[in-house]
Amino acid sequence: MNYIGYTYAEQGIRFDEAMELIQKALKLKPDSGYIIDSLGWVYFQKGLYDEAVHYLEKAAKLTADDPTINEHLGDAYFKKKDFERSLQHYKKSLSLKHPDEEKVKQKIIEVEKLLRK
């Protein structure tokens, strides 16, 4: 359920169904950082950044060693224009060996430019 819901969110489609699937998965595993991340990512994709940060922070605490969760949290803070926190999570994502290091490095460069303004 989580995988399908996350996939919908990642593709920017069927948000209501994605939310429903992820919430069902969360009932089965309420302390799963990965499922909570998926829920936060649905909120992010819907443009609801406060809700996204809420769930992504929780996911990052539960699964602190996951580079993608930290990238997601960095993305959410970026959208909220909290560039310091965004940078912190992008750097953590990179330190955790994110599978797409170049993408995260580009995000870091972008945030650092914004912080110098």
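What follows is calculated from the coordinates using simple rules that are stated; it is not laboratory data. This one's a predicted model, so the numbers in the text were calculated from it and none came from an experiment. Using ideal geometry, Cβ is built from the backbone for each residue, glycine included, and neighbour counts are taken over all protein chains shown.
For the chain, set up a Gaussian network in which alpha carbons nearer than 10 Å are linked by springs, and say which option among 104, 42, 53 fluctuates the most.
Of the options given, 104 has the highest mean-square fluctuation.
Per DSSP H run of at least 4 residues, take -39500 (n - 2.57); add these up for the chain, divide by its residues and hand me the 222 nm value, nearest 500 deg cm²/dmol.
Per the formula, -25500 deg cm²/dmol.
Using Cα-Cα distances under 8 Å and only pairs 6 or more residues apart, what relative contact order does region 2-116 have, in percent?
So the answer I get is 17 percent.
At what distance in nm do the modelled label points of residue 102 and residue 16 sit from each other, each positioned 7 Å from its Cα along Cα→Cβ?
The answer from the label model is 4.0 nm.
Hull surface divided by four, with the convex hull built on the Cα atoms of the chain: how many nm²?
Dividing the Cα hull surface by four gives the mean projection, 6.6 nm².
Cα centroid distance between region 28-42 and region 69-113, in Å?
Using only Cα atoms, the two centres lie 20 Å from each other.
When the chain is fully extended, how far beyond the present Cα-Cα distance does residue 29 get from residue 4, taking 0.36 nm per residue of separation? Show your work: numbers first, answer last.
On the way: separation 25, 0.36 × 25 = 9.00 nm, distance 1.57 nm.
In short, 7.4 nm is gained.
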